[in-house]
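Encoded as structure tokens, the structure appears first; notes follow it.
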Amino acid sequence: MKKLIKLLLPQIGKIGLLKYIFLAIFSGLCSFLFINTVTRVIGLIISGGFTNISREYILIFAAIIIGFIWVRRTLSLAIINLSQKLFWHLRSDVLSLVLRANYQQLSSKRMEIHAAMVSDINILTNVSMSVIDFCAAIILSISCLLYLLSISGVLFLITLGVAASGAIVYHLNSKSNLTDFNKARMLETDFQKNFNAILDGFKEIFMEPKKGRFIYEKKIQHIADEAQGNNTKAFTGFLNNQITGQVLFYILISSVLLFFSITLKIKSGDTISFVFTLLYLLGSVETIMVLLPGILRAGVASNHLMALKTELENAEFNAAIPVSYYSKADFYSISVKGLEFQYNKKNAEDAFSIGPVDMEINKGEVTFIYGGNGSGKTTFIHAVLGLRYPSSGEIQLNGQVVDQKCYADYRTLFSTVFSDFYLFDQIIGIDHIDLEKWKAYIDLFEIADKVSLTDGKLSTTDLSAGQRKRLALIVALLENKPILVLDEWAADQDPYFRKRFYTEIIPMLKNDGLTIIAITHDDKYYHCADSLYKMDEGKLIVEKAEPGLINIIS
């Protein structure tokens, strides 16, 4: 609950929080005043003291009803505004932190972030809409108890004992219920993971339906069965608490009417007022019990959300936004010395690692890297790009060591087209698009009749795989950065354009001063590279190097 308040407080401030508390108290008091006035009038009717139309009570009821309408509407509108503000602030806040995180951290948190955005934030927003009824019910309960005290101290103590018994039952079961809700949140994350697997891998599933059936039958159905049982258990616990509270109050009301009113010689009017107040108190307690599961779920959601935010906030964000950008004229060489990277450090026996690797890339050089699946090519490129930080060793740019403080600037050297690239529907990240280059490139890559550009927006991205890669490469070239990195770019090109790419386009880009690093298996065109390397079990082996370009190869 503290974390839930911590999430809400920045949105409303301390003064705003006091305002909400005041309005909630006023709302509860309006309900209590209405109940109290009703019981008074009923008492007067029973005693025969209410025989004429009373302007006084008409004004009292009117004032209470008008006050209730005003405070309820004011508080409701405020809560609606707060819920929407909270919803979009949390989404924006999480996404802002995501954009500041490094790739290595984010890649392991993707499912948690997705679950937070889809599930946790929605739960918090929905619960914020119930806060009015929850707070009003608490205030009304307290007011009713105080009114009961004014009628009979003994009956008040008995009522307090009954309420305490219900509270004890609730407390004993709440830990188990909270554990169940935490488990429900974990199961939701697992469901989101497998749900995304179906959507992201639907092409493969469509080709081989067994894959889809396996995910559905072995994973999703298992999650569904476990979640259904777990959630049923959690909500059943709250149902039992609710019924227990109702039964205790029913016994209390029956006892007041049949036993305590006689033995304690309570006046009939006071007995009626006491019973009516107990019924309203019971209604308030039931409201609290109905809303508590949602409040607890919101507490679980806020815990996960705050933990995620804290983890992202504590991530290494040093110079996450580049201070300066490197131009082609600024770049001379990249030296990789003793670079190593290891996955799964906690499980050293199963860990995959690359290195140590020593390599030098000079301006205007075309470098090809090849190797079998799992040999470490992509991991090595990720380390060179600064997507993953080396476990040991160093990278030097123009003779200067690249450290955490300058990684963001260092990454501005590279334009990339990854094998699993994402093609945005507009050209972003470029302040001024060179339209002459755009026209030249779409002619060069033979897609001028497929796509056009209007105010930076692409007319379509619904192209064949090869054409999408051509378009992605055009966008990368428009960034006009010193180094172009390609991962299996030509794999989706037809033989004609593949030949043209290696024999015409790469030499042309090199003549324009571009340095090219490409992962490729097109051995027919290895001769087009200045330097050729083979990655084998995490080790980089030189197979071809221009004289004077390579210092040390391991």
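The residue pairs whose first member lies in segment 310-330 and is at pLDDT below 75, whose second member is basic (Lys, Arg), and whose beta carbons are closer than 7 Å, counting only pairs six or more residues apart or on different chains, are 317/100; 318/405; 319/405; 320/100.
If the condition is being at pLDDT 80 or above and part of a helix (DSSP H, G or I), then segment 41-58 contributes 41, 55, 56, 57, 58. Of the candidates 199, 178, 172, the single residue that is exposed (fewer than 13 other Cβ atoms within 10 Å of the Cβ), assigned to a helix (DSSP H, G or I) and under 24 Å from the mean Cα position of the chain (by Cα) is 199.
Determine, yes or no, whether residue 428 is of a type in the set (A, V, I, L, M, F, W, C) and either touching a Phe, Trp or Tyr at 6+ places or on another chain (Cβ under 6 Å) or at pLDDT 90 or above (or both). For residue 428, the condition - of a type in the set (A, V, I, L, M, F, W, C) and either touching a Phe, Trp or Tyr at 6+ places or on another chain (Cβ under 6 Å) or at pLDDT 90 or above (or both) - is not met. Evaluate segment 81-99: report whether one residue or more is under 24 Å from residue 144 (Cβ atoms), touching a helix residue (DSSP H, G or I) at 6+ places or on another chain (Cβ under 8 Å), modelled with pLDDT of 75 or more and surrounded by 14 or more Cβ atoms within 10 Å (Cβ to Cβ). No, there is no match, as no residue in segment 81-99 is under 24 Å from residue 144 (Cβ atoms), touching a helix residue (DSSP H, G or I) at 6+ places or on another chain (Cβ under 8 Å), modelled with pLDDT of 75 or more and surrounded by 14 or more Cβ atoms within 10 Å (Cβ to Cβ). Looking only at residues in segment 512-525 that are within 44 Å of the chain's Cα centre (by Cα) and surrounded by fewer than 19 Cβ atoms within 10 Å (Cβ to Cβ), the one that is nearest to residue 375 (Cα to Cα) is 521. For residue 167, the conditions (1) crowded, with 19+ Cβ neighbours inside 10 Å; (2) closer than 21 Å to residue 251 by Cα; (3) of a type in the set (Gly, Ala, Ser) all hold with the exception of (1). Inspection of segment 127-149 identifies at least one residue that is in a helix (DSSP H, G or I), within 30 Å of residue 285 (Cβ to Cβ) and free of Cβ contacts under 8 Å to residues at least 24 places away in the same chain. When residue 548 is tested against (1) at pLDDT below 90; (2) within 43 Å of the chain's Cα centre (by Cα); (3) not aromatic (Phe, Trp, Tyr), just one condition goes unmet, and that condition is (2). Residue 532 - would you say it is in a strand (DSSP E or B), closer than 15 Å to residue 365 by Cβ and in contact with a strand residue (DSSP E or B) (Cβ under 8 Å, 6 or more places away or on another chain)? Against the criterion (in a strand (DSSP E or B), closer than 15 Å to residue 365 by Cβ and in contact with a strand residue (DSSP E or B) (Cβ under 8 Å, 6 or more places away or on another chain)), residue 532 qualifies.
Pairs meeting the criteria (first residue in segment 429-448 and more than 15 Å from residue 500 (Cβ to Cβ), second residue surrounded by fewer than 13 Cβ atoms within 10 Å (Cβ to Cβ), beta carbons under 7 Å, at least 6 apart or on different chains) are 433/456. Among residues of segment 70-93 that are free of Cβ contacts under 8 Å to residues at least 40 places away in the same chain, those with a Cβ under 8 angstrom from a residue that is among the aliphatic types (A, V, I, L, M), sequence gap 6+ or separate chain, pair up as 87/121; 87/124; 91/117; 91/121. Only residues that are part of a helix (DSSP H, G or I) and either over 27 Å from residue 157 (Cα atoms) or modelled with pLDDT of 80 or more (or both) were counted across segment 245-271, and they come to 18. A single entry from 442, 430 fulfils the requirement of being aliphatic (A, V, I, L, M) and more than 28 Å from residue 99 (Cα to Cα): 442. Filtered by the rule that a residue be aliphatic (A, V, I, L, M), farther than 16 Å from residue 117 by Cβ and at pLDDT below 75, segment 189-208 gives a lone residue, 207. Among the residues of segment 251-266, is there at least one that is of a type outside the set (S, T, N, Q), crowded, with 20+ Cβ neighbours inside 10 Å, out of contact with any Pro (no Cβ under 6 Å at 6 or more places or on another chain) and assigned by TED's automatic domain parsing to the domain that holds residue 95? Scanning segment 251-266, I find at least one residue that is of a type outside the set (S, T, N, Q), crowded, with 20+ Cβ neighbours inside 10 Å, out of contact with any Pro (no Cβ under 6 Å at 6 or more places or on another chain) and assigned by TED's automatic domain parsing to the domain that holds residue 95, so the answer is yes.
The values are calculated or read from the model by the stated rules, or taken from the named source; none is laboratory data. What you are looking at is a predicted structure, and each value in this text was computed from that prediction instead of being measured. We place every Cβ from the backbone using ideal geometry, glycine too, and count neighbours over all the protein chains shown.
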